[in-house]
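Q: Quick one: this structure, given as structure tokens, is what I'll be asking you about.
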Amino acid sequence: MSEYAFSVAVRTQYLADQSDPERGRHAFAYTITIHNTGEVAAQLISRHWVITDSDNGTQEVAGLGVVGHQPLLKPGEHFEYTSWATISTPVGSMKGAYFCVAEDGHRFEVPIPEFALVLPRMLH
């Protein structure tokens, strides 16, 4: 086990009430659970996202914390939050990274594996 490690789990949901497909707006919520799987307490300082639609249009989002928080997680603790993104096509993806600082001053990056943003199939 690494001294400095966070795991990331993601759930997504299409937001039909926030979307306007005729205008190329597809909104998705994503719920992220960040778990400190390492041996040292660490704080999530900032994030960087790359959001891609199926036309290869990309948006980059970077900033401090997540949803107004910079959670400090002790080993075994987790933090969960929900945010959202919009893309111009019914299918896309997101990937990124969290930048963290351990309580001993060590800085590390936590990759966020790519996950799909997909309009659910509609039954007729």
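Q: Could you list, in sequence order, the residues of the range 71-94 that are assigned to a loop (DSSP other than H, G, I, E, B) and either more than 19 Å from the chain's Cα centre (by Cα) or among the hydroxyl-bearing types (S, T, Y) (or both)?
A: Once the filter is applied, which keeps residues that are assigned to a loop (DSSP other than H, G, I, E, B) and either more than 19 Å from the chain's Cα centre (by Cα) or among the hydroxyl-bearing types (S, T, Y) (or both), the range 71-94 yields K74, P75, G76, S88, T89.
Q: Also: Is there a residue in the range 95-113 that is under 23 Å from Q18 (Cβ atoms), in contact with a Phe, Trp or Tyr (Cβ under 6 Å, 6 or more places away or on another chain), in a strand (DSSP E or B) and modelled with pLDDT of 95 or more?
A: Yes, that holds for at least one residue.
Q: So in the range 57-70, with the set limited to residues that are among the polar types (S, T, N, Q) and part of a strand (DSSP E or B), which one is surrounded by the fewest Cβ atoms within 10 Å (Cβ to Cβ)?
A: Out of the qualifying residues, it is T58.
Q: Could you say which residue among T86, T31, T52, T37 is polar (S, T, N, Q), over 18 Å from S7 (Cβ atoms) and out of contact with any Gly (no Cβ under 7 Å at 6 or more places or on another chain)?
A: Just one listed residue meets the conditions, T86.
The values are calculated or read from the model by the stated rules, or taken from the named source; none is laboratory data. Note that this is a predicted model, so its numbers are computed, not measured. Counting neighbours? That spans all protein chains shown, and the Cβs are built from the backbone with ideal geometry, glycine included.
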